[in-house]
Amino acid sequence: MGDGEEGRDPEAWKAVYEATTPAELQAAYADWAAHYDRETMALGYCLPFVVTSWLARYVPRGEGPLLDAGCGTGLSGPIVRALGYDRLEGLDMSPDMLRIAGSRGAYAALRQAELGKPLPWSDGHFRAVFSTGVFTEGHAPASGFDELVRVMVRGGHAIVTIRDILMGPMGYGAKFDELAAAGRWRLVEESTTFRAFVVGEPNTLLKAFVFEIL
């Protein structure tokens, strides 16, 4: 992330991205939750909305249930509902963010859970999973994909955005290859690089990846 961008609190962003433990990260989001939407929207944060394009491309209207993995304040929820998906669930590690997500009235269920640890759903529960801005430094580890694949049905789709510069250092690329080699999923689409923020942070570039569960 760049420093000093107009429209955001640099201390809040610093606390989130410099957290070294889940407890520190949860505390950072507790402090930021009330201002998160306003500050990220001022920078043109588009990921919660553009991810719905890939969702609609691969998941027929009305199918579900769907999981918003790392839903935060639930910005994607109302858009997903408007597109005709009425079985939407969410997870996040921050209870403060989940309270805001619940106020949007778009989620059938919300669970406090941490990616990288066992998830509170049975095998094959979800038709699709989408996750934006979560598999990144200081947040969800590459191992989190193992549980996401477990809770998805065969033929389902996983849609995730990841910063291009983190694919190697965070082990995301290696995990993608590992799951493919194990016959657990296959890559069906990899987008070109695009900006996460359409107003500020011009160097925050990422790709979207879509996998089919095998």
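The values are calculated or read from the model by the stated rules, or taken from the named source; none is laboratory data. Note that the coordinates shown come from a computational prediction; the quantities given were computed from them, not determined experimentally. Every residue, glycine among them, receives a Cβ derived from its backbone with ideal geometry; neighbour counts consider all protein chains shown.
Hey, can you tell me all the residues within the stretch 170-204 that are surrounded by fewer than 17 Cβ atoms within 10 Å (Cβ to Cβ) and either of a type in the set (S, T, N, Q) or part of a loop (DSSP other than H, G, I, E, B) (or both)?
If the condition is that a residue be surrounded by fewer than 17 Cβ atoms within 10 Å (Cβ to Cβ) and either of a type in the set (S, T, N, Q) or part of a loop (DSSP other than H, G, I, E, B) (or both), then 171, 182, 183, 191, 192, 193, 198, 199, 202, 203 are the ones that fit.
List pairs: first in the stretch 115-127 and more than 13 Å from residue 69 (Cβ to Cβ), second assigned to a loop (DSSP other than H, G, I, E, B) and of a type outside the set (Asp, Glu), Cβ under 9 Å, 6+ apart or cross-chain?
Pairs that qualify, where the first residue is more than 13 Å from residue 69 (Cβ to Cβ) and the partner is assigned to a loop (DSSP other than H, G, I, E, B) and of a type outside the set (Asp, Glu), are 122/151; 123/151; 124/151; 127/59; 127/64; 127/65; 127/87.
Among the residues of the stretch 38-49 satisfying the criterion of being in contact (Cβ under 8 Å) with a residue 40 or more places away in the chain and out of contact with any Lys or Arg (no Cβ under 9 Å at 6 or more places or on another chain), which is nearest to residue 127 (Cα to Cα)?
In this case the residue turns out to be 48.
Restricting attention to the stretch 61-98, report how many residues are modelled with pLDDT of 95 or more, part of a helix (DSSP H, G or I) and farther than 19 Å from residue 147 by Cβ.
Total satisfying the criteria: 7.
What pairs can you find where one residue is in the stretch 192-205 and in contact (Cβ under 8 Å) with a residue 24 or more places away in the chain, the other is part of a loop (DSSP other than H, G, I, E, B) and of a type in the set (S, T, N, Q), and their Cβ atoms are less than 8 Å apart, with a gap of 6+ or different chains?
195/204; 196/204; 197/204; 205/193
Counting only residues that are more than 19 Å from residue 175 (Cβ to Cβ) and over 15 Å from the mean Cα position of the chain (by Cα), which one in the stretch 108-122 is surrounded by the most Cβ atoms within 10 Å (Cβ to Cβ)?
Top of the filtered list is 121.
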